[in-house]
Amino acid sequence: MTDHLADALNTIKTHEIVGQDKCTVKATKLIAKVLEVLKQHNYLKSYTKVDMGRGGYFEVELEGKINDCGVIKPRIPVRRHDWNKTEEEFIPAYNIGLLIVSTPGGIMTNADARQNHTGGRLLAYVY
């Protein structure tokens, strides 16, 4: 099995490292929600979906702000009281970067999950 989210984040990271301003990634619902979170936090300029009937892909315009990103495997569950310990483990410093989390309220960042007093499963990190 392939992890489409890992492939998408790896593609974005490698295009950022090379200095390109656009890339394409496979279109899935999870990737769409993760790209939306990245766009809200100014890691991406924009993205558009190109539909090809059964599948499709996203054309992503890069901002040039991503130093590192990737998925967290296995997808670790985090309780609502354990955000500090988890952030110390995956994020390099306070207020630098974010964790992308799957919660009962949807895909959001660790700060949003902490504010909503909810736990979830870690999907990815970016800084």
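Computed from the coordinates by the stated procedures, all read-outs in this text should not be read as laboratory data. Every value quoted in this text rests on a predicted model; they were computed, and no experiment measured them. Ideal geometry is used to build each Cβ from the backbone, glycine not excepted, and the neighbour counts take in all protein chains shown.
From the set of residues in segment 72-108 that are of a type in the set (Ser, Thr, Tyr) and either buried (at least 19 other Cβ atoms within 10 Å of the Cβ) or more than 14 Å from Tyr127 (Cα to Cα) (or both), which is nearest to the chain's Cα centre (by Cα)? Going through the qualifying residues, I end up with Ser102. Here Lys22, Lys65, Lys33 are screened, and the one residue that is under 13 Å from the mean Cα position of the chain (by Cα) and either under 21 Å from Ala6 (Cβ atoms) or hydrophobic (A, V, I, L, M, F, W, C) (or both) is Lys33.
When the residues of segment 15-34 are filtered to those that are without any contact (Cβ under 8 Å) to a residue 12 or more places away in the chain and closer than 15 Å to Leu62 by Cα, which remaining residue is surrounded by the most Cβ atoms within 10 Å (Cβ to Cβ)? First the steps, then the outcome.
So the first thing to find is which residues in segment 15-34 are without any contact (Cβ under 8 Å) to a residue 12 or more places away in the chain, and the list is 17-18, 29.
Next cut, closer than 15 Å to Leu62 by Cα only: 17-18.
On the way: Ile17: 11, Val18: 8.
The residue in question is Ile17.
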